[in-house]
Amino acid sequence: MTHATSELLTAWAALPVEQQPLTAASTWYGWFVSTYAVEGDIAPIIPPDLVEIQRFARSLGCAYILFDCDGDTVAALRTFSW
């Protein structure tokens, strides 16, 4: 994900769950994020790189993604330098 998306996830995870545009929780090394597709008025605020990752995870039958700064990269997904 891009650095800008990581900053959004940090901000969203700090919000009460009912105010989050998608379910996100901070972990010591990253975030735990729902893969459900965001629709309606909030859909445009979900960054394209995150949508791509969510779509990939759903294709594997995953309901959640655990982003970890020390985790492996996935060849099918773009990588970004920070």
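The values are calculated or read from the model by the stated rules, or taken from the named source; none is laboratory data. Only a predicted model underlies this, so the values are computations on that prediction, with no experimental measurement involved. When we count neighbours, we look across all protein chains shown, and the Cβ atoms used for this are built from the backbone with ideal geometry, even at glycine. To get the accessible areas, we keep the full protein, side chains included, count just its heavy atoms, and leave off ligands, DNA and RNA. Shrake-Rupley method; radii C 1.70, N 1.55, O 1.52, S 1.80 Å.
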Of the options GLY30, GLY61, GLN19, report the single residue whose Cα projects farthest towards the positive end of the charge dipole of the chain (beta-carbon charges: Lys, Arg +1; Asp, Glu -1). GLY61
Between (i) 18, 15, 12; (ii) 21, 17, 10; (iii) 42, 14, 11, which matches semi-axes √(5λ) of the Cα gyration tensor in Å calculated for the structure shown? (i)
Find the accessible area per residue for the chain; the probe is 1.4 Å, ligands and nucleic acids are left out, and the unit is Å². 66 Å²
Could you work out how much longer the chain between ALA75 and PHE56 gets when fully extended? Use 0.36 nm per residue separation minus the Cα distance between them, nm to one decimal. 5.7 nm
Per its Cα gyration tensor (rounded if a/c is under 1.5, else prolate when a/b beats b/c, else oblate), the range 40-82 is best filed as oblate
Take the solvent-accessible surface of the protein heavy atoms, probe 1.4 Å, and return the percent of it on the chain that carbon and sulfur atoms account for. 58 percent
Given Cβ point charges of +1 (Lys, Arg) and -1 (Asp, Glu) and nothing else, what value in debye, to the nearest 20, does the dipole of the chain about its Cα centre take? 160 debye
